[in-house]
Amino acid sequence: MTSLRMGFLLAVSLSLFSIGCASNGAKDENARLLRENQELRGRLDDSERAMRSSPDQSAAALQAKQNEISQLEQRIQDLEAQLQKQPATSGADPTIAGVETTYDRARGEMTVNLPGDVLFASGSAQLKGASRATLDKVVAALRRQYAGKRIRVEGHTDSDRIRASSDRWIDNLDLSLNRAAAVTRYLAEKGVNPAQIATVGWGDAKPKRTKAASRRVEIIVLVR
């Protein structure tokens, strides 16, 4: 092999290696920003709930809580702006900017992971107000990038038995299905064709490593 060909192959290898490193770096930064965004949304929801549940606080305490909420909202906006600026990589897997996704190449399925604690209060199937910004990103991508693709909305829970909300749900399967249905309804209300969507409840049949991770709704898009 000539030195010229060796040099060419080395240059190509280095180029591919640098692209891979850049891609991994972008994915790591995207994941970090997503985690921080989700944590802040949880804190924002907690702060708003605390303020509503204690209307008799002093004016100074209320002002402090309002200032905290304003700062959290601003930080969330800044994070979402950063997520939108994350560079796309050539040949990258299907994704949705600003939302945690994975891609199964063998199945041709993109999975959007929506933590249950971000979407719903404990034992509830009513969407939190703070979750709507994330769902709106998903809706925009489904309508723009994945129009006409088949979608499954799958609800999951942890393995704890239903207790505090047993007057509303028969069991975890019942809760998971109602949570998935709430997300399906939201997608349909925002313009995603309901004929594309299958709604599934798994209860605690498909757990993750932790209980918190197990409580989730997944939007699975058949992109191929």
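The values are calculated or read from the model by the stated rules, or taken from the named source; none is laboratory data. Quick caveat: nothing in here was measured; it's all calculated off a predicted structure. When we count neighbours, we look across all protein chains shown, and the Cβ atoms used for this are built from the backbone with ideal geometry, even at glycine.
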Scanning the stretch 146-179 residue by residue, those within 17 Å of Leu222 (Cβ to Cβ) and in contact with a Gly (Cβ under 6 Å, 6 or more places away or on another chain) turn out to be none
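Taking the stretch 168-189 as the search range and keeping residues that are touching a strand residue (DSSP E or B) at 6+ places or on another chain (Cβ under 8 Å) and not aliphatic (A, V, I, L, M), which one is surrounded by the most Cβ atoms within 10 Å (Cβ to Cβ)?
Arg179
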Can you confirm whether the stretch 150-167 contains a residue that is buried (at least 16 other Cβ atoms within 10 Å of the Cβ), out of contact with any His (no Cβ under 8 Å at 6 or more places or on another chain) and assigned to a helix (DSSP H, G or I)?
no
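If I filter the stretch 195-214 down to residues being among the hydrophobic types (A, V, I, L, M, F, W, C) and over 15 Å from the mean Cα position of the chain (by Cα), which single residue comes out as surrounded by the fewest Cβ atoms within 10 Å (Cβ to Cβ)?
First, pick out the residues of the stretch 195-214 that are among the hydrophobic types (A, V, I, L, M, F, W, C): 195, 197-198, 200, 202, 205, 212-213.
Narrowing further to those that are over 15 Å from the mean Cα position of the chain (by Cα): 195, 197-198, 200, 202, 205.
Details: Ala195: 7, Ile197: 19, Ala198: 12, Val200: 16, Trp202: 19, Ala205: 12.
For the stretch 195-214, the residue satisfying everything is Ala195.
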Restricted to the stretch 140-156 and to residues being of a type in the set (A, V, I, L, M, F, W, C) and at pLDDT 95 or above, the residue nearest to Asn178 (Cα to Cα) is Val153
From the option list Val192, Val217, single residue qualifying as β-branched (Val, Ile, Thr), in contact with an Asp or Glu (Cβ under 8 Å, 6 or more places away or on another chain) and buried (at least 19 other Cβ atoms within 10 Å of the Cβ) is Val217
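Given the criterion out of contact with any helix residue (DSSP H, G or I) (no Cβ under 8 Å at 6 or more places or on another chain), surrounded by fewer than 19 Cβ atoms within 10 Å (Cβ to Cβ), at pLDDT 95 or above and assigned by TED's automatic domain parsing to the domain that holds Glu218, identify the matching residue among Thr102, Thr111. Lay out the reasoning, then the answer.
Details: Thr102 fails: at pLDDT 95 or above.
Of Thr102, Thr111, the one residue that is out of contact with any helix residue (DSSP H, G or I) (no Cβ under 8 Å at 6 or more places or on another chain), surrounded by fewer than 19 Cβ atoms within 10 Å (Cβ to Cβ), at pLDDT 95 or above and assigned by TED's automatic domain parsing to the domain that holds Glu218 is Thr111.
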